[in-house]
1. What number of residues in the range 93-120 are among the polar types (S, T, N, Q), surrounded by fewer than 18 Cβ atoms within 10 Å (Cβ to Cβ) and under 23 Å from E2 (Cα atoms)?
2. Quick test for you: out of I90, I7, pick the one residue that is in a helix (DSSP H, G or I), surrounded by 16 or more Cβ atoms within 10 Å (Cβ to Cβ) and either among the basic types (K, R) or in contact (Cβ under 8 Å) with a residue 60 or more places away in the chain (or both).
3. Tell me the residue from S305, S333 that is under 22 Å from N230 (Cβ atoms) and among the small types (G, A, S), please.
4. Mind checking whether some residue in the range 274-289 is surrounded by 22 or more Cβ atoms within 10 Å (Cβ to Cβ) and acidic (D, E)?
5. Does E331 satisfy the criteria of being in the same structural domain as L235 (by TED's automatic domain parsing) and part of a helix (DSSP H, G or I)?
6. Please tell me if G176 is in contact with a Ser or Thr (Cβ under 8 Å, 6 or more places away or on another chain), within 25 Å of R47 (Cα to Cα) and modelled with pLDDT of 95 or more.
7. Being farther than 22 Å from T377 by Cβ, of a type in the set (S, T, N, Q) and in a helix (DSSP H, G or I) is the filter here, so list the residues in the range 199-231 that pass it.
8. Please tell me if V234 is under 30 Å from K64 (Cα atoms) and not in a helix (DSSP H, G or I).
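The values are calculated or read from the model by the stated rules, or taken from the named source; none is laboratory data. No experiment lies behind these values; they were computed from the predicted model shown. Neighbour counts run over all protein chains shown; Cβ positions are idealised from the backbone, glycine included.
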Amino acid sequence: MESVIIIKYGELSTKKDNINFFLKKLKENILFTLNDLDVKITYDLGRMFIHTNENFDEVIKRIKNIFGIHEINIGYIIDSTDFDIIKEEILKLLKEHEFTTFKVESKRSNKSLNTTSVELSKNLGAHILKNIKGLKVEVKNPEVLVNVEYRINNTLVYFEKIKGLGGYPVGTLGKGLLMLSGGIDSPVAGYLTIKRGVKIEAIYFESPPHTSIEAKNKVKSLAKKLAIYNNDIVLHVINFTEIQESIYKNIPHDYLITIMRRMMYRISAIIASKRNAKILVNGESIGQVASQTLTSMNAINEVVSIPVIRPLACFDKLDIIDIAKKIDTYETSILPFEDCCTIFVPKHPVINPQKEKCYEYEELIPYKDLIYEAVKTHEIITIKAHEEENEFKDLL
């Protein structure tokens, strides 16, 4: 009998003809996360198994952050399909636990067993009651839930269930470029995008000296937190100073945010094309600020042809904050360092911008030359999930 970590797939099991592609990527992502540990991974269409002599707690701590895993179980492989042998092995396992109530749940993929799953559970439960004194069956809230899966070549037994993150393995659905600011929303949008199997890179717009090195390090820290789920993150840092100052000096102030966002979209689309990213991702939520009314989104979005995904479009702000706290980005996001989106904010930004005025105002600045220079000189930083904190630790 071998102790193993069992992984259940959940949504992945619906993939049918493509499931092997998803499972192969899930295995690769797990091995990447456990690359410094001695592990072996095997899998079939029903379950994945991590075989290791390492500390199970450490392994589980890491794989809990991997998308594509519905459930994690600490379990045992009994190398037999003989019911009498299975009963005795399970008794040995249960005698290592202290409990008074239990329940048996059975699954049967081995159809050579001439009985139903319900009958198997009843027979095993009766055997446990007979051989371990002082126990009783509790259907609703048992202290120990005995899960038994009768398979073709062996039998699985497990007691604990640890909820996974679900979703799809990162990298199975291509690549996206996240417009990452220092706020609460965009890291959450990135997290939800990664959950759908999209590997993300990120783009950040800085405007020194109007934005500080602390603001940049704050974004790097947020990217590092997302890298836990993404394996690593490539961060593209755009110097936006000349563009932002040119907009501020030459364009009516009620259109500052609209034109600024149009420039950010154009630059992001160029970077996405260069990096083979199929979508842009941002943290916009309908009506949250002036640039996120439907009219504003339409006026801003029209400058790019690449799809723009807004995972938080219909989220309540409090719901966004709850996720930010769950993924440990909230405390970093609220650090008081201004980014490009919070400087030069007009008192009365337009909430229903006209596209014709956008075209007219953009002709007042040499934006094509400015965009070309910003893209050509941008900085690329690769952020690993498990490197030392370095400059990030002083922010918190």
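1. Qualifying residue count for the region: 2.
2. Being in a helix (DSSP H, G or I), surrounded by 16 or more Cβ atoms within 10 Å (Cβ to Cβ) and either among the basic types (K, R) or in contact (Cβ under 8 Å) with a residue 60 or more places away in the chain (or both) holds for just one of I90, I7, which is I90.
3. Of the residues listed, the single one that is under 22 Å from N230 (Cβ atoms) and among the small types (G, A, S) is S333.
4. Yes; the residues of the range 274-289 include at least one that is surrounded by 22 or more Cβ atoms within 10 Å (Cβ to Cβ) and acidic (D, E).
5. yes
6. no
7. Passing the criteria: S221, N230.
8. Answer is yes for this residue.
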